[in-house]
Amino acid sequence: MGAFFRSEEVCLVQLFLQSGSAYNCVSELGELGLVEFRDLNPNVNSFQRKFVNEVRRCEEMEKTFTYLEMEIARSLSPPLTGPLPSPVPYAPQPRELMAIEEESERLARDLREVSRNRDNLRNQLTQLSQYRGVLIQTHPLTVSQVPRSSLETVALLDSRQDIRLSFVAGVVHPWKVPSFERLLWRACRGYIIVDFREMEERLELPDTGEVIQWTVFLISYWGEQIGQKVKKICDCFHTRTFVYPEGAMEREDILDRLQGRILELKTVLSQTEDYLQQLVYRSVAALPQWKVSVQKCKAVQAVLNQCSPSVTDKCLIAEAWCPVRKLLLLQSALIEGSRKNGSGLDSFYNRLPDTSAPPPTLFHTNSFTSGFQSIVDAYGVASYREVNPALYTIITFPFLFAVMFGDVGHGLLMTTAALWMVLQERDPKLRASDNEIFQMMFGGRYLILLMGLFSVYTGAVYNECFSKGLSPFPSGWHIQPMFQHYNWSDETLKGNRYLTLDPNVTGVFLGPYPFGIDPIWRLANNHLTFLNSYKMKMSVIIGVIHMTFGVCLSFFNYIHFNQLSSVFLVLIPELLFLLCLFGYLVFMVVYKWLVFGPRVSDRAPSILIHFIDMFLFAENKDNPPLYNGQMIVQKVLVVVALASVPVLLLGKPLYLYYNHRRRASIRVLR
């Protein structure tokens with residue numbers, strides 16, 4: 001908790017890494033997450049650094065892994081629903097990296113070849129199935145004689161020529177059928193006979209993988225010119241045409257051969273699919289560890305590129321920020337890295353003196369605090385060794401959300417959803433989800449859990465559940481005494497839409513509601529006025545307390561950094577300005593709640609008018625004072641608040657200017 005309350009104390013260390021064991025040493029440091037390296041080659045181009053070839057090699061392997069992932073997603077049946085569990089590997093040694101590279105390239109090469117063969121077989125099978133469908137669907141349409149109506153049409157053209165009927169058969173996408181038929185009729189002027197029929201078998205579209213029911217067409221025409229027009233129109237609509245024999249015996253012979261060829265292709269395609277599945281499963285089993293290994297290797301090489309070679313080129317020199325309390329662990333990691341490499345000379349570190357460079361801010365978080373720390377970091381990261389506001393955001397952020405959201409029903413729904421994510425937080429399927437919105441919610445599961453719990457509490461205060469009122473306890477207001485005191489009757493209730501309950505009548509108001517707001521207020525015509533006034537005043541009180549607490553936190557920063565001048569020139573003036581104005585407003589709200597009860601509520605003054613008159617140094621005779629001597633207290637508070645403004649604006653700059661002049665004069669005297 002100490003490290004979370006204030007950022008970790010870090011120091012700058014200089015690492016001397018032996019050339020042979022530098023890779024293993026950096027790998028050990030990376031596994032422990034101990035240090036943050038500094039770039040000692042800021043002026044060197046990324047492509048001119050020492051280990052750039054190793055980085056490129058890792059990037060090429062990542063491209064291969066991307067292809068394997070695409071093939072897995074496209075070819076694996078059934079598809080994976082989450083990552084396979086596997087132990088997290090260390091950064092691979094050069095020999096292991098070479099084995100990964102060779103095996104991944106071999107798998108990628110085999111997958112490309114088998115996938116290409118599978119696609120070719122599928123295209124051939126689709127074409128043969130379409131050809132078979134064309135022959136089956138058009139066989140009843142073709143007869144040895146030309147229809148009578150067609151003969152009459154041809155006879156009108158040229159009664160003396162012999163009639164020779166030609167055919168064009170194929171398949172077309174069902175969406176293109178209306179426009180295809182319309183263009184054929186207009187271009188050929190009706191001198192053709194077109195028949196459309198749907199195939200019984202649904203086939204896969206090779207380009208998109210969509211399974212559709214193709215439409216078979218058979219076009220009968222006369223003459224070469226009409227035939228050329230028909231073929232051009234078929235090409236324009238990207239139809240697939242097939243050779244259509246004129247004789248029935250020839251069509252039956254081709255159909256028999258097609259049946260045998262289709263069976264052979266299905267057998268070969270099945271064997272190809274089985275082999276492809278074997279390759280895919282081999283990729284699935286090895287790919288997760290390969291990816292982690294190559295990513296770690298790439299990260300290590302990137303760190304080595306930030307190091308500077310020594311004069312003798314026998315070791316690499318690196319600089320890094322390390323927590324002070326983990327320096328012993330740092331030395332142990334360097335020794336372990338040297339031992340893995342079998343080096344006789346251990347790598348070591350040297351702690352550098354304080355530099356002018358500001359150290360990085362380090363907060364140790366866990367699964368519970370990481371969500372709150374991310375919210376604070378989104379607005380601004382605290383400076384080195386400053387108080388971490390995320391610790392207090394764990395309570396303030398969910399509570400302020402609940403003040404606005406407060407509803408028991410909706411809060412329970414949020415709590416249930418967040419509790420499910422908390423209980424399933426170790427599930428690798430949830431952690432590896434590709435949905436960005438879900439990942440954001442999963443990362444803030446503890447935040448949503450607290451928001452839901454606080455919303456249940458504030459919803460109970462508001463007595464609301466799914467925007468409906470709750471009545472867990474009997475109301476503190478009773479109407480029966482009003483009948484006895486004011487002689488109300490049934491006619492009184494029927495003749496008046498609204499009636500006022502007088503709390504000064506004995507028995508009408510027996511005391512405040514046990515918890516939250518009395519549900520009887522929902523029946524009042526001033527319901528919104530009462531609730532808005534209540535929520536506005538509570539918001540002001542909570543906001544002033546929140547701001548005051550935030551200002552008070554700076555006291556710990558000033559004491560830690562030994563800045564006593566800031567306590568008197570910044571902190572105290574800020575508190576005086578805040579409390580003399582807005583703190584006094586909170587005091588007036590609470591004082592009015594405590595002092596003015598039901599019997600004197602008609603004489604209660606307006607706080608808003610008092611607050612305005614406070615700045616004007618005026619007194620309103622129509623608005624009675626809250627207490628005796630109020631005008632004197634308010635004038636003193638305004639004067640103190642106004643006096644703190646120049647101190648805030650000029651105090652710290654003048655103090656810094658004075659110190660600068662004093663140091664300059666001391667240097668001159670020396």
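The values are calculated or read from the model by the stated rules, or taken from the named source; none is laboratory data. All values reported here derive from a predicted model rather than from experimental measurement. Cβ atoms come from the backbone with ideal geometry, glycine included; neighbour counts cover every protein chain shown. Ligands, DNA and RNA are excluded from the accessible area calculation, which covers all protein heavy atoms including side chains. Shrake-Rupley method; radii C 1.70, N 1.55, O 1.52, S 1.80 Å.
Straight-line cross-link partners of Lys652 among the lysines, defined as a Cα under 17 Å from its Cα and at least 8 positions apart when in the same chain, are absent.
Go through the range 472-536 and name the trypsin sites (Lys or Arg not before Pro) that are in a DSSP coil and have 14 or fewer other Cβ atoms within 10 Å of their Cβ. Loop-located and lightly packed - Arg497. The Cα center of the range 228-252 and the Cα center of the range 602-652 differ in position by 97 Å.
Which angle from 0 to 90°, rounded to the nearest 10, does the C-alpha axis of helix 408-423 make with the longest principal axis of the chain? Relative to the chain, helix 408-423 is tipped by roughly 60 degrees. The distance linking the range 117-141 with the range 163-210 is 15 Å (Cα centroid to Cα centroid, whole angstrom). Judged by the mean number of other Cβ atoms found within 10 Å, the most tightly packed of the peptides 107-116, 378-387 leads the ranking 107-116, 378-387.
For the peptides 173-179, 317-323, 350-356, the ranking by packing is 317-323, 173-179, 350-356, with the highest mean count of neighbouring Cβ atoms within 10 Å listed first. Projecting each Cα onto the charge dipole of the range 417-533 (Lys/Arg +1, Asp/Glu -1 at the beta carbon, about the Cα centre), which of Gly469, Met451, Gly495 comes out farthest on the positive side? Towards the positive end, the residue furthest out is Met451.
The residues of the chain expose, per residue, 60 Å² of accessible area to a 1.4 Å probe. Report note on the peptides 368-377, 195-204, 22-31: ranked by the mean count of other C-beta atoms within 10 Å, highest first, their order is 22-31, 368-377, 195-204. When +1 charges are put on Lys and Arg Cβ atoms and -1 charges on Asp and Glu Cβ atoms, the dipole computed for the chain relative to its Cα centre reaches about 1840 debye. Going down the list Lys326/Lys429; Lys50/Lys326; Lys535/Lys635; Lys291/Lys429; Lys494/Lys535; Lys50/Lys298, which pairs span over 25 Å between their C-alpha atoms? From Lys326/Lys429; Lys50/Lys326; Lys535/Lys635; Lys291/Lys429; Lys494/Lys535; Lys50/Lys298, over 25 Å: Lys326/Lys429; Lys50/Lys326; Lys535/Lys635; Lys494/Lys535. Shown for the chain: the carbon plus sulfur share of the solvent-accessible area, taken with all protein chains present and a 1.4 angstrom probe, equals 58%. Of Met614, Met538, the residue with the largest accessible area leads and the full order is Met538, Met614 (1.4 Å probe).
Computed over the chain, the per-residue total of -39500 (n - 2.57) for DSSP H runs of n ≥ 4 gives a 222 nm mean residue ellipticity of -18500 deg cm²/dmol, rounded to 500. In a DSSP loop and with at most 12 other Cβ atoms within 10 Å, the trypsin sites (Lys or Arg not before Pro) in the range 569-665 are Lys621. Taken along the Cα-to-beta-carbon direction at a fixed 7 Å, the label points for Arg522 and Leu578 span 3.8 nm.
Here the simple spin-label model places points 7 Å from the Cα toward Cβ, and for Leu183 and Asp434 these points are separated by 3.6 nm. Between the Cα long axis of helix 370-379 and the first principal axis of the chain there is an angle of about 80°, rounded to the nearest 10.
Between Phe555 and Val600, the modelled label-to-label distance comes to 3.4 nm, taking each label 7 Å out from Cα in the direction of the beta carbon.
Full extension of the chain between Ala378 and Leu608 yields a length gain of 79.2 nm, computed as 0.36 nm times the residue separation minus the alpha carbon distance. Angle of helix 224-236 to the longest C-alpha principal axis of the chain, folded into 0 to 90 degrees and rounded to 10: 20°. Could you state the number of Å between the C-alpha centres of the range 497-568 and the range 323-380? First find each Cα centre; the distance between them is then 46 Å.
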